[in-house]
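Engineer: Before I ask anything, let me first share the structure, which is written out below as structure tokens.
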Amino acid sequence: MTTAALVPAAGKGERLGAGTPKALREVGGIPLLVHAVRGLAASRVIDLIVVAAPVDFVDDVRALLGELDVTCDIEVLAGGESRQESVARALIALPAGVDIVLVHDAARALTPPELIASVVAAVTAGHAAVVPGLAVADTLKQVDAAANVIATPDRASLRAVQTPQGFVRSVLQAAHAGVDPSAPIATDDAGLVEREGVTVHVIPGHEEAFKVTRPIDLILAEAVLAKRRASGNVS
Ligand code: C5P
């Protein structure tokens, strides 16, 4: 089995505040994207990584990742206007011979390698589509345009899903082929696969696979990294 990881890293990160694109923002003095790529390589289950970089930073990202001492191959290309378009561009660039494809947000920079390996193991075990998910702590409300509550879904049946999401390559390709990349309709890849009627299997996620989105997430990421460094689990 040959396994590739597509890494959408082309977001502007506006919710983090103005400045450098999110994937290049640093935690512990290292860009989020470098943490994410190192985590994928450390899982030892990935052969090729394809990064969709911010369009004006493709050369910088190529130089940054070119310095890394990792065993898997790394390709860098320009991402798109939406996450869905960035993934679609990376998917098209995959060479023949890749059977399993992971899609992993650069913003989930501190995802433990063990979680990455678990996703690949679940696909290898026969699930065509696999996502890590956690029980939700908050009660979630569905609201209308006027911010009035219209439903309270049963919390016990909800999961907050993370990445990497893992797929049999043909399943992910069929899901992306059926939609217009310039008119995004899903915020994750499992969402596209579900539309094709494919069952998506949820495995236990990990708290440290959170997505760096808001300023407070940078503080949390610094704390997680400090804890790892103190315990000798250096990144
Ligand atoms: O916007 P959000 O934080 O949900 O983005 C999730 C991931 O998708 C991030 O790693 C971000 O860099 C990536 N992304 C992308 N292309 C875009 C927008 C987001 O690759 N146009």
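Engineer: Contact order normalised by length for the chain, with contacts defined as Cα pairs under 8 Å and 6 or more residues apart; what percent is it? Present the calculation step by step, with values, prior to reporting the outcome.
Structural biologist: Numbers: 451 pairs, mean separation 56.1, N = 235.
Relative CO of the chain lands at 24 percent.
Engineer: Another question, if that's okay. In segment 126-187, which trypsin sites (Lys or Arg not before Pro) fall in coil by DSSP and have 13 or fewer other Cβ atoms within 10 Å?
Structural biologist: Hits after loop and neighbour filter: K141.
Engineer: Next question, about the same structure. At a 1.4 Å probe radius, carbon and sulfur cover how many percent of the accessible area of the chain?
Structural biologist: Using a 1.4 Å probe with all protein chains present, the chain comes out at 52 percent carbon and sulfur.
Engineer: If you don't mind, there's one more thing I want to ask. Assuming a ≥ b ≥ c are the square roots of the Cα gyration tensor eigenvalues, decide whether the chain counts as rounded (a/c under 1.5), prolate (otherwise, with a/b larger than b/c) or oblate. Intermediate results must be reported in sequence, preceding the final value.
Structural biologist: On the way: a/c = 1.32, a/b = 1.11, b/c = 1.18.
In terms of gyration-tensor shape, rounded.
Engineer: Counting only heavy atoms of the protein chains, get the accessible area per residue of segment 1-158 (1.4 Å probe) and round it to a whole Å² value. Intermediate results must be reported in sequence, preceding the final value.
Structural biologist: Working: 7290 Å² over 158 residues.
Counting only protein heavy atoms, the per-residue value for segment 1-158 is 46 Å².
Engineer: Mind checking which aspartates and glutamates have their Cα closer than 12 Å to the Cα of K211? Skip sequence neighbours fewer than 8 apart in that chain.
Structural biologist: D105
Engineer: State the antiparallel share, in %, of DSSP beta bridges confined to the chain, rounding to the nearest 5. Working shown, then result.
Structural biologist: Numbers: 13 of 32 bridges.
Percentage antiparallel, nearest 5: 40.
Engineer: Give the distance, in whole Å, between the Cα centre of segment 171-225 and the Cα centre of segment 1-72.
Structural biologist: Rounded to whole Å, the Cα centres lie 16 Å apart.
Engineer: Before rounding to the nearest 500, sum -39500 (n - 2.57) across all DSSP H runs of length at least 4 in the chain and divide by the residue total; then give [θ] at 222 nm in deg cm²/dmol. Present the calculation step by step, with values, prior to reporting the outcome.
Structural biologist: Numbers: 7 runs with 74 residues, N = 235.
Calculated from helices alone, the mean residue ellipticity at 222 nm is -9500 deg cm²/dmol.
The values are calculated or read from the model by the stated rules, or taken from the named source; none is laboratory data. The structure presented is a predicted model; accordingly, all values stated were derived computationally and were not measured. Positions of Cβ are backbone-derived with ideal geometry, glycine not excepted, and every protein chain shown enters the neighbour counts. SASA here: full protein model, heavy atoms, side chains in, ligands and nucleic acids out. Shrake-Rupley method; radii C 1.70, N 1.55, O 1.52, S 1.80 Å.
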